[in-house]
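Engineer: After the structure tokens below, expect a handful of questions from me.
The values are calculated or read from the model by the stated rules, or taken from the named source; none is laboratory data. Just so we're clear, the structure is a prediction, and the values are computed from it rather than from any experiment. Heads up, the Cβs are rebuilt from the backbone with ideal geometry, glycines too, and the neighbour counts pull from every protein chain shown. In case anyone asks, the SASA skips ligands and DNA or RNA and just uses the protein heavy atoms, side chains included. Shrake-Rupley method; radii C 1.70, N 1.55, O 1.52, S 1.80 Å.
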Amino acid sequence: MAGANGTALIESEKRFARLFAERHSLEPPVPVEDVLRGFAKIEIDNLPGSADAIVLRKTGSRPLVVVSTRIASNRRRFTLAHELGHIVLPWQVGSAFCHPQVTYIARDDFHVELEAQANRFATELLVPERWLAGKLGNHRDKLAERIVQIANEAQVSPITASIALGSVYAFQAATCITDSTGKKYLARSETCLLRREHAWWSDPESVEAIGGEVTRKQLGTFTLHAVTFGSPGSAWVGAPAQDSKAILKQIAESLPVSQREHLLKQVSGVVGAANNYQEGHSSAEALLRVLYQRFLGHQELKSISQHPLFANFLSAKAHELHERRVNKVSGRI
């Protein structure tokens, strides 16, 4: 999201976390337990259900944070930062956590938003965007290993680090952390255009074929998958002799007549949408990368995207669209 002048908007809780860290001279690894003790009492105890922690308030007394005994150390640090957010964010005081009527029940969407705010506060406090950007730079190689190194330095979980990095990548990147139960934690840069429906971590060959580098890191029961994009690699086939319409016509001949018109309209829609992404405007090669990312995982168009001439079609289309854009800018059309 961006403001009227094109600069990124920052959520209030993230801005507050930055001011809070500056005021208390905090930088990773943040001594979060010591910081929280300045605002609340902390007890470690068994908690019912799946709760990691709760905040108990009483008028005239310091809040009490009760933390579950079963959570791991890095997750515990995030939990403490999360509860700190509930305590210090000014607009959360007097909300769902210290309402005078014990029968008061917050609306579900209200509660979810409060939790999301505390998560964003905790993430920015423990792994600040500016610190992350400095650590990562523009180096895209071995991303999974680098994420683990950054997480260890900040003493947070790789899940926290990978989610936080989603807003600071200076290149196209995506991560997926899977566990033994099949649960997934997904994050990606704003410039990464892989379709959310495409499970690239279980199909690395498809992204490696278009210049993606897939790396993995095993972390106990978790697996961290990361992909970054450089050049399109083997997908770059040069400018074909035929134009894209002629190639697509040949591909269409292999399609069932009853589906042909619908599928070709779908292809035009994907191409048109991809051509609007700023990430593809610098060159035909960049546009080709965008086109491939938008077609990956598009199950309805699988019969087209797996055709032997599909790479030629996309390459020709990328050349044609880029040339048209250049001519338009130069005033030739």
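Engineer: Does Leu248 count as surrounded by 19 or more Cβ atoms within 10 Å (Cβ to Cβ) and among the aliphatic types (A, V, I, L, M)?
Structural biologist: In short, yes.
Engineer: Is it the case, given these coordinates, that Gln278 is surrounded by fewer than 14 Cβ atoms within 10 Å (Cβ to Cβ), of a type in the set (S, T, N, Q) and touching an Asp or Glu at 6+ places or on another chain (Cβ under 9 Å)?
Structural biologist: no
Engineer: Filter region 24-43 for residues that are exposed (fewer than 13 other Cβ atoms within 10 Å of the Cβ) and not in a loop (DSSP other than H, G, I, E, B); which is modelled with the highest pLDDT?
Structural biologist: Among them, the one singled out is Asp34.
Engineer: Does Ala151 satisfy the condition of being part of a helix (DSSP H, G or I), free of Cβ contacts under 8 Å to residues at least 12 places away in the same chain and open to solvent by less than 50 Å² (accessible area, probe 1.4 Å)?
Structural biologist: No, not satisfied.
Engineer: When you scan region 164-189, how many residues do you find that are among the hydroxyl-bearing types (Ser, Thr, Tyr) and under 8 Å from the mean Cα position of the chain (by Cα)?
Structural biologist: 3
Engineer: Could you tell me whether Thr223 is among the hydroxyl-bearing types (Ser, Thr, Tyr) and either part of a helix (DSSP H, G or I) or open to solvent by 60 Å² or more (accessible area, probe 1.4 Å) (or both)?
Structural biologist: Answer is no for this residue.
Engineer: For region 320-330, does any single residue satisfy the condition of being among the polar types (S, T, N, Q), more than 25 Å from the chain's Cα centre (by Cα), in a helix (DSSP H, G or I) and exposed (fewer than 13 other Cβ atoms within 10 Å of the Cβ)?
Structural biologist: Yes - at least one qualifying residue is present in region 320-330.
Engineer: Being touching a helix residue (DSSP H, G or I) at 6+ places or on another chain (Cβ under 7 Å) and either under 28 Å from Asn276 (Cβ atoms) or not in a helix (DSSP H, G or I) (or both): is that true of Thr175 here?
Structural biologist: When the stated conditions are applied, Thr175 passes them.
Engineer: Same structure again: Would you confirm whether any residue within region 299-312 is aromatic (Phe, Trp, Tyr), at pLDDT 90 or above and within 25 Å of the chain's Cα centre (by Cα)?
Structural biologist: no
Engineer: Got a sec? Which of Lys302, Lys317 is open to solvent by less than 50 Å² (accessible area, probe 1.4 Å), part of a helix (DSSP H, G or I) and among the basic types (Lys, Arg)?
Structural biologist: Lys317
One line per residue, one yes/no per condition, for (1) surrounded by fewer than 18 Cβ atoms within 10 Å (Cβ to Cβ); (2) without any contact (Cβ under 8 Å) to a residue 60 or more places away in the chain:
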{"residue": "Phe171", "(1), (2)": "yes, yes"}
{"residue": "Ile177", "(1), (2)": "no, yes"}
{"residue": "Ser180", "(1), (2)": "yes, yes"}
{"residue": "Ala199", "(1), (2)": "yes, no"}
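Engineer: Among Leu224, Leu263, which is the only one that is under 21 Å from Leu143 (Cα atoms) and touching a residue at least 40 places away in the same chain (Cβ under 8 Å)?
Structural biologist: Result: Leu224 is the single residue among Leu224, Leu263 that is under 21 Å from Leu143 (Cα atoms) and touching a residue at least 40 places away in the same chain (Cβ under 8 Å).
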